[in-house]
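The values are calculated or read from the model by the stated rules, or taken from the named source; none is laboratory data. Quick caveat: nothing in here was measured; it's all calculated off a predicted structure. We place every Cβ from the backbone using ideal geometry, glycine too, and count neighbours over all the protein chains shown. Note: areas computed on protein heavy atoms with side chains; ligands, DNA, RNA excluded. Shrake-Rupley method; radii C 1.70, N 1.55, O 1.52, S 1.80 Å.
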Amino acid sequence: MWSLAQQAVTEGWFAGHGNAVKTVVAGFLVGTVVGITGMGGGALMTPALIFLGVGNASTVVTADLTAAAVYKSGGALVHWRKGAPNLRLAGWLMLGSIPMAFLGPHLLHWFAAPSQIERLLQLAIGFALLLAAGTYAVRLYVQLRRSRTTERTGGEPVIRPLPTVLIGALGGLLVGVTSVGSGSVIMIALVMLYPALSALKLVGTDLVQAVPLVLAAAIANILTYGLDLGVALPLVLGSVPGSLLGARLAPKVPAAVIRRGIVVVLTISGLALLDKAGWAPLGAGKDQTHPVLIALIGIALLLVMSVVWALLRRRQGLPMFGSRTRPPTPAVDPPAASH
């Protein structure tokens, strides 16, 4: 009798709190990965929560942006104290990103019928994830090349206002609509536009501009969709300690391997969301999804990416597999970074 009563209480608790538990766990896991790799959480968190069923797309986007405004603030403060960010560059980025982030969800409502909002959000997030996967792959290649060259970085670059504002505007619009892009699309655009910017200043600048960007996007989405505290609060409770743990684990974990895995995960997640939303090349909606096809695409991508990465390493003078770096020759080789 007691066991039946205990089972009923347990089942009732999970029925009422199951989503909160799933959200805390997802937040913790994604936060840990973000702490280890330094890659943006929105690209991982948003699809994870959608597939876990904790809320619809608009609820998840709003909660993720709200949580990101909290945990990104801590990272930005650390970089600010270290003097890492280029504040002038961050200012030009914010000039484009903040207004577009605030405008993003309103534009979606102005041009789409209310009954189509959720489907359009799923499509937008799906394409944003594929874009993020592509930018992450480019970033990995850039980091690989930097680790094998002696090109000087760390100086203050000459700021190019117009392209910087345009990068901010594109990233702000993407973040405002999908919550994806502040740590992926904007970051790789900065790498391409300012190649002499050191990694520390790059991350610091991106974090400093991301806080007001994400805050503006969060406010706009709250005004548009409302805020579900049952999703947002567990997300903060999970992601903050996860990111702190990840930062501590970073020196001990092969982050480059995780980063390459993230590219595959983002690609699969993007395709799965497009499939779920009924993107024409994949099907007509929930009743015609293709999980086996998407899984096969993921496996093929993993194999192809492993081969391509090995060939790229060889081109940089590294062994294709095994050791992360070639043995240094004192007269030629500088100390290599881990990749």
Worksheet entry | Filtered residue count, segment 165-189, keeping only those that are in a helix (DSSP H, G or I), crowded, with 24+ Cβ neighbours inside 10 Å and at pLDDT 85 or above | 8
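Let me confirm something: among ALA67, ALA15, ALA48, ALA8, which residue is farther than 21 Å from THR205 by Cβ, at pLDDT below 90, open to solvent by 70 Å² or more (accessible area, probe 1.4 Å) and assigned to a helix (DSSP H, G or I)?
On the way: ALA67 fails: open to solvent by 70 Å² or more (accessible area, probe 1.4 Å); ALA48 fails: open to solvent by 70 Å² or more (accessible area, probe 1.4 Å); ALA8 fails: open to solvent by 70 Å² or more (accessible area, probe 1.4 Å).
Matching residue, one of ALA67, ALA15, ALA48, ALA8: ALA15.
Given the structure, is LEU200 surrounded by 16 or more Cβ atoms within 10 Å (Cβ to Cβ) and touching a helix residue (DSSP H, G or I) at 6+ places or on another chain (Cβ under 9 Å)? Quick ask: steps written out before the conclusion?
Values: surrounded by 16 or more Cβ atoms within 10 Å (Cβ to Cβ): no; touching a helix residue (DSSP H, G or I) at 6+ places or on another chain (Cβ under 9 Å): yes.
So LEU200 does not fit the description; no.
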Discussion item. Tell me yes or no: at least one residue of segment 92-106 is in a helix (DSSP H, G or I), farther than 22 Å from ILE222 by Cα and of a type in the set (A, V, I, L, M).
Written reply: yes
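Any residue at all in segment 234-249 that is small (Gly, Ala, Ser), part of a helix (DSSP H, G or I), open to solvent by 10 Å² or more (accessible area, probe 1.4 Å) and modelled with pLDDT of 85 or more?
Residues of segment 234-249 small (Gly, Ala, Ser): 238-239, 242-243, 246-247.
If we keep only those that are part of a helix (DSSP H, G or I) as well, we get 238-239, 242-243, 246-247.
Subsequent filtering for residues that are open to solvent by 10 Å² or more (accessible area, probe 1.4 Å) retains 243, 247.
Those still in the list that are modelled with pLDDT of 85 or more too: none.
No: segment 234-249 contains no residue that is small (Gly, Ala, Ser), part of a helix (DSSP H, G or I), open to solvent by 10 Å² or more (accessible area, probe 1.4 Å) and modelled with pLDDT of 85 or more.
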Practice prompt. Please work out which one of (1) modelled with pLDDT under 90; (2) surrounded by fewer than 21 Cβ atoms within 10 Å (Cβ to Cβ) is the condition GLY91 fails and give its number.
Written response: (1)
Discussion item. What pairs come out if I take residues in segment 96-124 that are within 23 Å of ALA189 (Cβ to Cβ) and pair them with residues that are of a type outside the set (A, V, I, L, M, F, W, C) and open to solvent by 30 Å² or more (accessible area, probe 1.4 Å) whose C-beta lies under 6 Å away, six or more apart or interchain?
Written reply: ILE98/PRO212; PRO105/THR224
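Please find, among ALA133, ALA112, the residue that is surrounded by 22 or more Cβ atoms within 10 Å (Cβ to Cβ) and at pLDDT below 90.
None of the others qualify; the one that does is ALA133.
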